[in-house]
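Quick notes on the structure that follows.
The values are calculated or read from the model by the stated rules, or taken from the named source; none is laboratory data. Here the structure is a predicted model, which means the values were calculated and not measured. Every residue, glycine among them, receives a Cβ derived from its backbone with ideal geometry; neighbour counts consider all protein chains shown.
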Amino acid sequence: MLVNARDMLIKARKEGYAVGQFNINNLEWTKAVLLTAQECNSPVILGVSEGAGKYMTGFKTVAAMVKAMVEELNITVPVALHLDHGTYEGAQKCIEAGFTSVMFDGSHYGIEENIAKTKEIVAMAHAKGISVEAEVGSIGGEEDGVTGKGEVADAQECAMIAGLGIDFLAAGIGNIHGKYPANWQGLDFEALEKIMNATDGMPLVLHGGTGIPAEMIQKSIALGVAKINVNTECQLSFAEATRKYIEAGKDQQGKGYDPRKLLAPGFEGIKATVKEKMELFGSVGKA
């Protein structure tokens, strides 16, 4: 069932697990995530970047597809459709298109402008029952055209943004999008603990969940993280499974490739990755 993300993340924070956000890019990715969530009896968040939304012909198309798939697949676990790293204009479009949750990423603005724009998005979203994520301290790396230098968030600025009525907060603590380099220094748990103490129990969000060691994931959850984003790992599993299928020379039969068969290995690869992450995050059986 389609819901906003607020209640599922409050529950996760209280019970000591995290809900996975898995970014979607097409029908197969969406179907794989939804079916895995249902099989695992886990709440789930479908993340959509602005680039992915454009690729799928627009946010209205994405919202209509997700709503129809939830109904046709008889998905009964809580599902939130969430804009990932949204601009001010993108968040407005998703609010109108039927998304149930939006992230307004104002981390590249000065704190005063971030506050002003966040307040406006909160008012627009909450008027329609839509949950809001905000960000302080940009996430390092590049994802779908959104680049961050990886600043560690200031706890007092986090408290200021948290006080605007948002539902959950992404705070940079040394995490990055994409693959982590060999010289990565790890997450800044001292900063995370300060942010947890400054935000009065608000569910926190860890972006860049691909490749973070399990022990760091568990420590993050213990320090208030209730939502963990995964994108690159799904991309890699999809690409690798599809590559092996093509190189094996299957599905040619003298007639060219059947796209349904061609995409099937990647579909299964995403399902396996999503299940593995749900188990790691502790969300299995929590719907």
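For the reader, a short list of remarks on this structure follows.
- Single residue of ALA191, ALA214, ALA198 found to be in contact (Cβ under 8 Å) with a residue 60 or more places away in the chain and aliphatic (A, V, I, L, M): ALA214
- Answer residue from the stretch 1-36, given it is in contact with a helix residue (DSSP H, G or I) (Cβ under 7 Å, 6 or more places away or on another chain) and of a type in the set (Gly, Ala, Ser) and is farthest from VAL48 (Cα to Cα) among those: GLY16
- Close contacts from the stretch 226-241, counting a first residue that is within 19 Å of TYR17 (Cα to Cα) and a second that is in a helix (DSSP H, G or I) and of a type in the set (Phe, Trp, Tyr), with Cβ to Cβ under 6 Å and a gap of 6+ residues or different chains, come to ILE228/PHE281.
- Residues satisfying the stated conditions in the stretch 122-140, i.e. part of a helix (DSSP H, G or I) and crowded, with 24+ Cβ neighbours inside 10 Å: ALA125
- The residues on offer are MET69, MET1, MET65, MET56, and the sole one that is surrounded by fewer than 22 Cβ atoms within 10 Å (Cβ to Cβ), at pLDDT below 95 and hydrophobic (A, V, I, L, M, F, W, C) is MET1.
- The set of residues from the stretch 105-133 being at pLDDT below 95 and either touching a Lys or Arg at 6+ places or on another chain (Cβ under 9 Å) or of a type in the set (A, V, I, L, M, F, W, C) (or both) comprises GLY106, TYR109, ILE111, ILE115, ALA116.
- Just one of the numbered conditions (1) among the hydrophobic types (A, V, I, L, M, F, W, C); (2) closer than 25 Å to GLY224 by Cα; (3) buried (at least 18 other Cβ atoms within 10 Å of the Cβ) is not true of ILE10: (3).
- Residue in the stretch 22-30 that is more than 25 Å from ALA170 (Cβ to Cβ), in contact with a Gly (Cβ under 8 Å, 6 or more places away or on another chain) and surrounded by 15 or more Cβ atoms within 10 Å (Cβ to Cβ) present: yes
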